1. Of the residues A111, A37, which single one is touching a Leu at 6+ places or on another chain (Cβ under 8 Å), assigned to a helix (DSSP H, G or I) and either at pLDDT below 95 or open to solvent by 60 Å² or more (accessible area, probe 1.4 Å) (or both)?
2. Quick test for you: out of P86, P10, P31, P46, pick the one residue that is within 22 Å of R115 (Cα to Cα) and either open to solvent by 70 Å² or more (accessible area, probe 1.4 Å) or among the acidic types (D, E) (or both).
3. Any chance the stretch 93-100 includes a residue that's closer than 24 Å to T15 by Cβ, modelled with pLDDT of 95 or more and open to solvent by less than 40 Å² (accessible area, probe 1.4 Å)?
4. Does any residue of the stretch 32-39 turn out to be free of Cβ contacts under 8 Å to residues at least 60 places away in the same chain and over 15 Å from I7 (Cβ atoms)?
5. Could you check the stretch 13-28 and list, in sequence order, the residues that are open to solvent by less than 30 Å² (accessible area, probe 1.4 Å) and part of a strand (DSSP E or B)?
6. Which of (1) in a strand (DSSP E or B); (2) under 23 Å from R115 (Cα atoms); (3) touching a Ser or Thr at 6+ places or on another chain (Cβ under 7 Å) is the odd one out, the single condition A53 does not satisfy?
7. Being closer than 23 Å to A110 by Cα and small (G, A, S) is the filter; apply it to the stretch 49-61 and report the residue that is surrounded by the most Cβ atoms within 10 Å (Cβ to Cβ).
8. When the stretch 64-89 is examined, which residues are found to be in a helix (DSSP H, G or I) and under 10 Å from the mean Cα position of the chain (by Cα)?
Amino acid sequence: MTAALHINVPHTDGTLAVIALSGEFDITTAPAVRARALDLIAAGHPDLVADLAGVTFCDSSGLGALVGIWRCAKDADGSLTLAAIPDRLSRLLSVTGMDTFLPAHPTADAALAARQGNRTTA
């Protein structure tokens, strides 16, 4: 039985939104994460921060969802930034090369600060 994945949006501000995940990010939960992110993009928040601190497991479907979200954000003139990546997920991102196009920060607050700085200077 797959553990539930909880999706929370603790912060929205202008074009920015944080989507915090906790639990297992896998084939059964990835569609819900993608749908929630696309809802945020459609609502005018194309600059997303995915806070992954609570992710206990991630399979290829979770990685695929992140790529899909990144593409949709980019198509909406936004971005996807990762935050608080657990070590086990960091290794997956590195092995797959996703770390070359998805910026990462140690915390969601650091990612927000970086995104807000980019937004005001862009």
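The values are calculated or read from the model by the stated rules, or taken from the named source; none is laboratory data. These numbers come from a predicted model, not from an experiment. Every residue, glycine as well, gets a Cβ built from its backbone with ideal geometry; the counts of neighbours run over all protein chains shown. The protein model used for the area step is the full one, side chains on, heavy atoms only, and it has no ligands, DNA or RNA in it. Shrake-Rupley method; radii C 1.70, N 1.55, O 1.52, S 1.80 Å.
1. Numbers: A37 fails: either at pLDDT below 95 or open to solvent by 60 Å² or more (accessible area, probe 1.4 Å) (or both).
Residue meeting the stated conditions: A111.
2. Details: P86 fails: either open to solvent by 70 Å² or more (accessible area, probe 1.4 Å) or among the acidic types (D, E) (or both); P31 fails: within 22 Å of R115 (Cα to Cα); P46 fails: either open to solvent by 70 Å² or more (accessible area, probe 1.4 Å) or among the acidic types (D, E) (or both).
Of the residues listed, the single one that is within 22 Å of R115 (Cα to Cα) and either open to solvent by 70 Å² or more (accessible area, probe 1.4 Å) or among the acidic types (D, E) (or both) is P10.
3. No - not one qualifying residue is present in the stretch 93-100.
4. Initially, the stretch 32-39 is screened for residues free of Cβ contacts under 8 Å to residues at least 60 places away in the same chain, giving 32-39.
Then keep just the ones that are over 15 Å from I7 (Cβ atoms); that gives none.
No: the stretch 32-39 contains no residue that is free of Cβ contacts under 8 Å to residues at least 60 places away in the same chain and over 15 Å from I7 (Cβ atoms).
5. Our first condition is that a residue be open to solvent by less than 30 Å² (accessible area, probe 1.4 Å); within the stretch 13-28, this holds for 16-21, 23, 25-26.
L16, A17, V18, I19, A20, L21, G23, F25, listed by residue number.
6. For A53, the failing item is (3).
7. A50
8. As a first pass, look at the stretch 64-89 and keep what is in a helix (DSSP H, G or I): 64-75, 87-89.
Residues satisfying the conditions are A65, L66, V67, I69, W70.
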